[in-house]
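Undergrad: Here's a structure for you.
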Amino acid sequence: MAALPNTNITTTLVGQTLGTSSRDVGTLCTHPNINKWSKWKPVRSNKETGITSDELKMIKYGLHLHNFSTIQDLINFYESGEASWRYDKPRGYINLEYFRLGDFRTYDHDVRESYTMFKPNSVSTATTLPITYNKKLSYPSTGVSIEDLDLDLMCLGGAVAKNGVLLKHFTLPNPISSYQDTIVAEIPIDGLFGIHQAYAFLAERNPIVPSNIDRYYALENGRLGNFDTDGGNPTWGFSSTLTGMLTDNPVQDYTVTWQLKLTNSRETPIIFPNCIVKVLYQNTDPVNGVLSDGEQMVNLGSITVAAGQTETRNGTFEQVLRYYPSQGGKIAFVNQYAGLNKIYPLFEA
């Protein structure tokens, strides 16, 4: 749908654009279908006649930009679910805020915000969480952009919280205007495990002491949602010991003791299906190799590791690896959990 014309605005044209049968100017100027991202739309002003573009910019195109003195207050606001950029419609002549049909000149019903925000849903070995701001190319002049609101003079920042409590944050040193189309803020997440929440914001630095931040501005869609700091992968440890008399005799039996530890740092349980521990010669394929004389295996079945817990399994292989002096040996842990790589630690003889 094209933007409305600059002249010959009628209640019929506006009503059809908004999808309402009403032709009452007051109803149209307060209709819930008005697109707040349009630069021209009904706004609060005590002028009875049409307002100018400069006046429109002065009142920030009818948008109220929520801002706070602390990041924690910003997070509290995000979690409340309120719109970050509230559109304040006119309330009528009783409040000296007149309904003007002319406010719909060049109204654009389809335009949206001038930027997009992105963050990954999971990170595994990374020590930072990238928050990406993308400026939309060829953004129409009928829409309200970051530049129209002078927010490009502020700095992009990001924060990480758990259950609504601020844990980490980072703010870029330079304003949005000093970057090209894409900006990335890296929030430190070292030492964090499990499910957390990510947020983006704009920071207004103190003009005298730029290292100080005076206000934190909420971004529309600035609550970026949850992310998993370990990407769904648990951690594990495996130790084994070989005992037996190491002699020049190439044929003798050994005893192997082993211990497996599976740790789940996530907030939900993890199931490891079909867990198998094998004692093998060094050159045997741990997954598909056929067991030969001196090799053994034990099937542990499925192992469930509760959230934030560690599961331990122990075992002993008797009379194994009779050709260890010439063929070497290893322990293999094989399972069908998609997020866990197979590990094959060598013996500690």
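Just so you know, all these numbers are worked out from the coordinates, no wet-lab data involved. Values in this document were obtained by computation on a predicted structure and should not be read as measured data. Neighbour counts are summed over all protein chains in view; Cβ atoms, including those assigned to glycine, are modelled from backbone coordinates with ideal geometry.
Undergrad: Over segment 115-228, calculate the relative contact order: mean separation of alpha carbon pairs under 8 Å at least 6 apart, over the residue count, as a percent.
TA: It comes to 29 percent, rounded to a whole number.
Undergrad: List the lysines whose alpha-carbon lies under 28 Å from that of K330, not counting same-chain residues fewer than 8 positions away?
TA: Within the straight-line cut-off, K330 pairs with K261, K278, K342.
Undergrad: Please report Rg (one decimal) and Dmax (integer) in Å for the Cα set of segment 62-128.
TA: Taking only Cα atoms of segment 62-128, I get Rg and Dmax of 18.5, 60 Å.
Undergrad: Students often get this wrong, so check it: of K60/K136; K39/K119; K57/K136; K60/K119, which have C-alpha atoms separated by over 23 Å?
TA: Where the Cα-Cα span goes over 23 Å, the pairs concerned are K39/K119; K60/K119.
Undergrad: Something else about it: Hey, can you rank 163-170, 53-60, 98-105, 322-329 by average C-beta count inside 10 Å, highest first?
TA: Going from most to least packed, we get 98-105, 322-329, 163-170, 53-60.
Undergrad: By average Cβ neighbour count within 10 Å, what is the ranking of 183-189, 90-96 from highest down?
TA: With the highest mean Cβ count within 10 Å placed first, the list reads 183-189, 90-96.
Undergrad: Across segment 34-46, in residue order, what do the Karplus-derived ³J(HN,Hα) couplings come to in whole Hz, using 6.51 cos²θ - 1.76 cosθ + 1.60 with θ = phi - 60° and x for Gly and Pro?
TA: Each residue of segment 34-46 in turn: 5, 7, 5, 7, 6, 5, 9, 5, x, 9, 7, 7, 8 Hz.
Undergrad: Which three numbers, in whole Å and largest first, are the semi-axes of the equivalent ellipsoid of segment 1-44 derived from its Cα gyration tensor as √(5λ)?
TA: 14, 13, 10
Undergrad: Same structure again: What's the Cα-based Rg to Rh of segment 1-75, Rh via Kirkwood?
TA: Rounded to two decimals, Rg over Rh is 1.06.
Undergrad: Now for a different question. Convert each backbone phi in segment 53-58 into a coupling constant with the Karplus relation 6.51 cos²θ - 1.76 cosθ + 1.60 (shift: θ = phi - 60°), then list the ³J(HN,Hα) values in order as whole Hz, x for Gly and Pro.
TA: 5, 5, 5, 5, 5, 4
Undergrad: With all pairs of different alpha carbon atoms counted, what Kirkwood hydrodynamic radius in Å does segment 115-228 show?
TA: Final number for the Kirkwood radius of segment 115-228 is 14.7 Å.
Undergrad: Would you work out the relative contact order for segment 49-177, in percent, from Cα pairs under 8 angstrom that are 6 or more residues apart?
TA: Across segment 49-177, relative contact order equals 21 percent.
Undergrad: So if we plug the beta-carbon distance of N226 and D110 into 1/(1 + (r/R0)^6) with R0 = 35 Å, what FRET efficiency do we get, rounded to 0.05?
TA: 0.70
Undergrad: Hey, any idea what Rg/Rh is for the chain, computing Rh the Kirkwood way over Cα pairs?
TA: Result for the chain is an Rg/Rh of 1.25.
Undergrad: If you stretched the chain out fully between T268 and T30, how much longer would it get, using 0.36 nm times the residue separation minus the C-alpha to C-alpha distance?
TA: Stretched out fully, the T268 to T30 stretch lengthens by 81.1 nm.
Undergrad: Still on this structure, I have one more. K261 versus V290, label points 7 Å from Cα toward the beta carbon: distance in nm?
TA: Computed distance between label sites K261 and V290 equals 3.9 nm.
Undergrad: Moving on. So if each residue of separation counts as 0.36 nm, and I subtract the Cα-Cα distance between L96 and N163, what length gain in nm does that give?
TA: Extra length available between L96 and N163 comes to 19.8 nm.
Undergrad: Now, a different point. Hey, what number do you get for the chain at 222 nm if only DSSP H runs of n ≥ 4 count, each worth -39500 (n - 2.57), divided across all residues, to the nearest 500?
TA: Result for the chain: -2500 deg cm²/dmol, rounded to the nearest 500.
Undergrad: I've got another one for you. Amide H of R86: which non-local residues (sequence gap of 5 or more, or other chain) have their own amide H closer than 5 Å, using H built in the peptide plane?
TA: Answer set, sorted by chain and number: H64, H66.
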